[in-house]
Amino acid sequence: MELFWKAIASALMAAILGVISGKINKENAVMIAISGCLVIAALLGGYLRDILDFLKELETLGNLRGEMLGILINCAGVGLVSELSAMICTDSGFASLGKMIQTMGVVVVLWLSIPAFRTLLNLMNTILGEI
Amino acid sequence: MNLFSEDVIIKSSFGITSTGMNIVAPKLQEYGNLQVPEAETFGEGLMMIVNDLIPLLRPDLYEAAKVSIAIVAASMLISIFHSFSDGMKSAANIAGAATIASSLLLSANSLIRLAAQTIESISEYGKLLLPVMTAALAAQGGVGKSAALYAGTTVFGNILSSLLSSVLLPVVYMFLALAGASCATGEDMLSKFRDLLKKLASWILKMILTVFTAYMGITGVISGTTDAAALKVTKATISSFVPVVGGIMSDASEAVLLSAAMAKNAAGIYGIFAVLVLFLEPFLKIGCHYMVLKLTAATCSVFGVKSITDLVSDFSSAMGLLLAMTAAACILQLISTVSFLKGVA
């Protein structure tokens, strides 16, 4: 939980510094917000690593097919990075850029899940052939 | 093992002496002890079948547990998507639904095929057992009842069998497809269609079993009474119209009828066990998956991913429908066999 409190403290400090420096120079406020986000993302990595380790344990325990979980892990990673980037762009005043990053993230998530759709489609074709 | 022994010789009951034709028979008692475990009561026999089945369920439990772990792991990851914006959340939900549906559909497909095979086996076995029971009941004097029961069982059995294979099993596939689509898109209309299909399947099964049970009950009462009256009249006729030996013949006919009843009961009890053996293994296998999926749905709900919880619940409902279908096919055979066993009052 130490990382969590550190992240909260970093976010609050970045917000306060951003508000104060924003009155003097808006660019500085944006830079502080970006730094805060990066610090929180780095701290988040610590938790995500544990979650991924646990998922690997589950994978070993259940003798699971790695590709299916791999798709979801990649989707989660792409989602987190694109959301973070989109929010930074929006905060910097480039909302259109942020929107494009989000759209890009959605498209990449769908692209990543194509093997899952293909497996489902093959399975449905097999079932329809049997009926 | 030497099953055949020269010292066990059966003399022909058709008057041929042992010198003319020696039949070397198997040591039935010894062979029986080796092949068939001893069961004194119906309950003991049933318990022996169940005990033999439990080791067969281990691979299925392992497979179900594997699927369950995969779904729980996927749910953990999908719960991360819920912090994303709407567009990303929708895309991630679609990816999650496709991943989980493909894992679940793989095991569901094999179970649906197992249920279809079981229903077919029970139906085919019924086609062998019921003529035997009909003949035995007719020999016991229940000519009207046996004909009515056989006609009813055959008609309802065929209706149920063809409905299951041509309507209800495709309905289960459609139900699963709608459940997957509803989970991916979150459309209310799809979930309503899905519920409609589930209700339709349950209603058809309930209706067929209710009508069948009512038919069996009414037929049993009406034709059973008629046959009993006809038997009494026949006995009285033999007793009074045949001079001198009429009474003896009437008593002898009672012994013949009792022998026919014994043969019918033996065939009936064996038939019940055989139907149970055909039914119990697939039923317990599907039941295992049903229970594990229920447990998985409860675990997934902890992560707060409602769409995935609903998807897993829908797959467990599909397993429930499969259980109901196999049970309906089995109950139909059991009810008809028991109706034949009741015999003539």
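The values are calculated or read from the model by the stated rules, or taken from the named source; none is laboratory data. These numbers were taken from a predicted model, which means no experiment stands behind them. As a convention, Cβ positions derive from the backbone with ideal geometry for all residues, glycine included, and neighbour counts pool all protein chains shown.
The single condition from (1) under 22 Å from the mean Cα position of the chain (by Cα); (2) under 26 Å from B:Ala261 (Cβ atoms); (3) without any contact (Cβ under 8 Å) to a residue 60 or more places away in the chain that B:Ala138 fails is (1).
Say whether the condition of being at the interface with chain A (Cβ under 7 Å from one of its Cβ atoms), hydrophobic (A, V, I, L, M, F, W, C) and within 30 Å of A:Thr103 (Cα to Cα) is met by at least one residue in segment B:97-114. Checking segment B:97-114: at least one residue is at the interface with chain A (Cβ under 7 Å from one of its Cβ atoms), hydrophobic (A, V, I, L, M, F, W, C) and within 30 Å of A:Thr103 (Cα to Cα).
Annotation note: Cβ proximity below 8 Å between a residue of segment B:295-310 that is at positive phi and a residue that is surrounded by fewer than 19 Cβ atoms within 10 Å (Cβ to Cβ) (sequence gap 6+ or interchain) occurs for B:Gly304/B:Ser79; B:Gly304/B:His82. Checking every residue in segment A:57-73 against the condition of being among the β-branched types (Val, Ile, Thr), in a helix (DSSP H, G or I) and within 30 Å of A:Ser35 (Cβ to Cβ) gives at least one match.
Yes/no per residue for (1) part of a helix (DSSP H, G or I); (2) more than 10 Å from chain B (Cβ to nearest Cβ); (3) among the hydroxyl-bearing types (Ser, Thr, Tyr); (4) under 26 Å from B:Ser90 (Cα atoms):
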position	(1), (2), (3), (4)
A:Lys6	yes, yes, no, no
A:Gly36	yes, yes, no, no
A:Leu52	yes, no, no, yes
A:Met87	yes, no, no, yes
A:Leu97	yes, yes, no, yes
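Checking each residue in segment B:37-76 for being surrounded by fewer than 20 Cβ atoms within 10 Å (Cβ to Cβ), under 28 Å from B:Lys294 (Cβ atoms) and more than 14 Å from chain A (Cβ to nearest Cβ) picks out B:Leu46, B:Met47, B:Ile49, B:Val50, B:Asn51, B:Asp52, B:Leu53, B:Ile54, B:Pro55, B:Leu56, B:Leu57, B:Arg58. For A:Ser113, the stated conditions do not hold, so it cannot be described as more than 11 Å from chain B (Cβ to nearest Cβ), within 19 Å of B:Phe84 (Cα to Cα) and not hydrophobic (A, V, I, L, M, F, W, C). Just one of the numbered conditions (1) within 14 Å of chain A (Cβ to nearest Cβ); (2) surrounded by fewer than 20 Cβ atoms within 10 Å (Cβ to Cβ) is not true of B:Ser202; which one? The one condition B:Ser202 does not meet is (1). Checking every residue in segment B:162-171 against the condition of being facing another protein chain (nearest Cβ under 9 Å) and without any contact (Cβ under 8 Å) to a residue 60 or more places away in the chain gives at least one match. Which condition number does B:Val277 fail, the rest of (1) surrounded by 18 or more Cβ atoms within 10 Å (Cβ to Cβ); (2) closer than 26 Å to B:Thr118 by Cα being met? Condition (1) is where B:Val277 drops out. Does any residue of segment B:322-336 turn out to be buried (at least 22 other Cβ atoms within 10 Å of the Cβ), at pLDDT below 85 and not in a helix (DSSP H, G or I)? No: segment B:322-336 contains no residue that is buried (at least 22 other Cβ atoms within 10 Å of the Cβ), at pLDDT below 85 and not in a helix (DSSP H, G or I). Hey, does segment B:130-150 have a residue that's out of contact with any helix residue (DSSP H, G or I) (no Cβ under 7 Å at 6 or more places or on another chain), closer than 26 Å to B:Val277 by Cα and assigned to a helix (DSSP H, G or I)? Yes, there is a match, as at least one residue in segment B:130-150 is out of contact with any helix residue (DSSP H, G or I) (no Cβ under 7 Å at 6 or more places or on another chain), closer than 26 Å to B:Val277 by Cα and assigned to a helix (DSSP H, G or I). The sole residue among B:Ser110, B:Ser79 that is modelled with pLDDT of 80 or more, within 16 Å of B:Val292 (Cβ to Cβ), assigned to a helix (DSSP H, G or I) and of a type in the set (S, T, N, Q) is B:Ser110.
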